[in-house]
Amino acid sequence: MAASVHLALEQLKMNGVRMTPQRHAILSFLMDTKSHPTADEIYKALSPAYPSMSVATIYNNLRLFVEAGLVRELTYGDDSSRFDADLSDHYHAICKGCGQIVDFGHPPLLEVEKVASKETGFMVQGHRMEIYGLCTTCNTITK
Ligand code: ZN
Ligand code: MN
């Protein structure tokens, strides 16, 4: 994790973004979590250590990270955006009970893109796919 934070900081520098303790804290938090947090959740986690940091500050910094290509913004459903610093190829399973988003590895579905391109004539630029269901905890509660 430390190595990737370092790389990210280099990348930001190249984008002309000055690193501040708050920025560093937000980025480190995102890189150390698998929870795909919202700006609000990041705020709740960091505000004890950074009392002067507002949700707006966090949101603006997240925008900056997304623009620099360090963080992915996830827009699932109508809820507020969630953020993912894991840029590796992976898909998400979303729990319809509690809303948590869990990573799972699968090779990119290039075959689907090929078929789509062939049948529609589109120059395909990408796709999104997510799995919906109940996580192990929610599934146990309903039973
Ligand atoms: Zn759940
Ligand atoms: Mn993810």
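The values are calculated or read from the model by the stated rules, or taken from the named source; none is laboratory data. None of the values given here were measured: they were computed from a predicted structure. Positions of Cβ are backbone-derived with ideal geometry, glycine not excepted, and every protein chain shown enters the neighbour counts. Surface accessibility is based on the protein's heavy atoms, side chains included, excluding ligands, DNA and RNA. Shrake-Rupley method; radii C 1.70, N 1.55, O 1.52, S 1.80 Å.
Table for the structure above
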item	result
Residue that is most open to solvent (accessible area, probe 1.4 Å), among those in region 114-142 that are within 13 Å of ligand 1 (Cβ to nearest atom) and over 23 Å from the mean Cα position of the chain (by Cα)	Ile141
Any hit, region 55-62, residues being assigned by TED's automatic domain parsing to the domain that holds Asn15, out of contact with any helix residue (DSSP H, G or I) (no Cβ under 8 Å at 6 or more places or on another chain) and crowded, with 17+ Cβ neighbours inside 10 Å	no
Whichever residue in region 40-54 is part of a helix (DSSP H, G or I) and over 17 Å from Gln100 (Cβ atoms) and, among such residues, is most open to solvent (accessible area, probe 1.4 Å)	Tyr43
Region 74-113 - residue that is away from ligand 1 (no atom under 16 Å from the Cβ) and part of a strand (DSSP E or B) and, of those, surrounded by the most Cβ atoms within 10 Å (Cβ to Cβ)	Phe83
Residue within region 13-35 that is within 16 Å of ligand 1 (Cβ to nearest atom), part of a loop (DSSP other than H, G, I, E, B), open to solvent by 70 Å² or more (accessible area, probe 1.4 Å) and of a type outside the set (S, T, N, Q) present	yes
